[in-house]
Amino acid sequence: MTLEELAKQIKACKKCPLYKNRTKAVPGEGNPKAELIFIGEGPGQQEDLQGRPFVGTAGKFLEEMLGSIKLKRGDVFIANVVKCRPPGNRDPLPDEIETCWPYLIEQIKIIKPKLIITLGRHALQKFIPGLGISSVHGQPKRREIAELGKLIFYPLYHPAAALYRGNLRETLEKDFKKIPRVLEKVEELLKEKREETKEEIEQKRLF
């Protein structure tokens, strides 16, 4: 399946009540071969109107931060844990997140990112239950996800939270600027893993 085919399914989805009030579903967008996936919580008003993720004020802030590490929107993939706007921008409910989960899993399988960056507590809790964003932000975490295997996550505060709570802005900007170094470390780990696998194959040939 391609991202485009998956997006068509999401736009037609009626699996939970959120579809009743949406203007447009918001599948996500970006580079289909992105090394980085950013995962937020759910679409807001502007996202619902345009069918695109992070296009409001928080989206502009996200683009600024991407620019600070010499990246553009088109270099990464941006998605949310729910694909339709919750009424009044309320928090997504557990059953809504669960209903959308297979779509997000499929996106990750197709893209095969090196690093998943969670934005806000809902995305963090879905992938790594039991951790609080205030205690783990800016700290890479390796976890095994049943449907995906072992992945590396980098939890960050949601850009909207940083805009509305000024004390978080500096923290988020500081954590964001660590992303290139975190990615380097991930690439080193992947290289070591490939070399180990190659060595195992060679040993099997010898014996």
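The values are calculated or read from the model by the stated rules, or taken from the named source; none is laboratory data. It should be emphasised that the depicted structure is a prediction, and the values quoted were computed from it without experimental measurement. Because the Cβ atoms are built from the backbone with ideal geometry, glycine has one as well, and the counts that use them run over all protein chains shown.
Scanning the range 11-30 for residues that are surrounded by fewer than 18 Cβ atoms within 10 Å (Cβ to Cβ) and out of contact with any Cys (no Cβ under 7 Å at 6 or more places or on another chain) yields K11, A12, K14, K15, P17, K20, N21, T23, K24. Residue-level analysis places G59 among those that are closer than 18 Å to D175 by Cα, surrounded by 16 or more Cβ atoms within 10 Å (Cβ to Cβ) and small (G, A, S). Within the range 127-139, not a single residue is in contact (Cβ under 8 Å) with a residue 60 or more places away in the chain and in contact with a helix residue (DSSP H, G or I) (Cβ under 7 Å, 6 or more places away or on another chain). Within the set P113, P155, the sole residue that is at pLDDT 95 or above, surrounded by 13 or more Cβ atoms within 10 Å (Cβ to Cβ) and within 23 Å of G44 (Cβ to Cβ) turns out to be P155.
Applying the set (1) surrounded by 11 or more Cβ atoms within 10 Å (Cβ to Cβ); (2) within 16 Å of the chain's Cα centre (by Cα); (3) modelled with pLDDT under 95 to A161 leaves exactly one unmet item: (2). The lone criterion from (1) of a type in the set (A, V, I, L, M); (2) touching a helix residue (DSSP H, G or I) at 6+ places or on another chain (Cβ under 9 Å); (3) in a helix (DSSP H, G or I); (4) over 18 Å from E64 (Cα atoms) left unmet by L172 is number (4).
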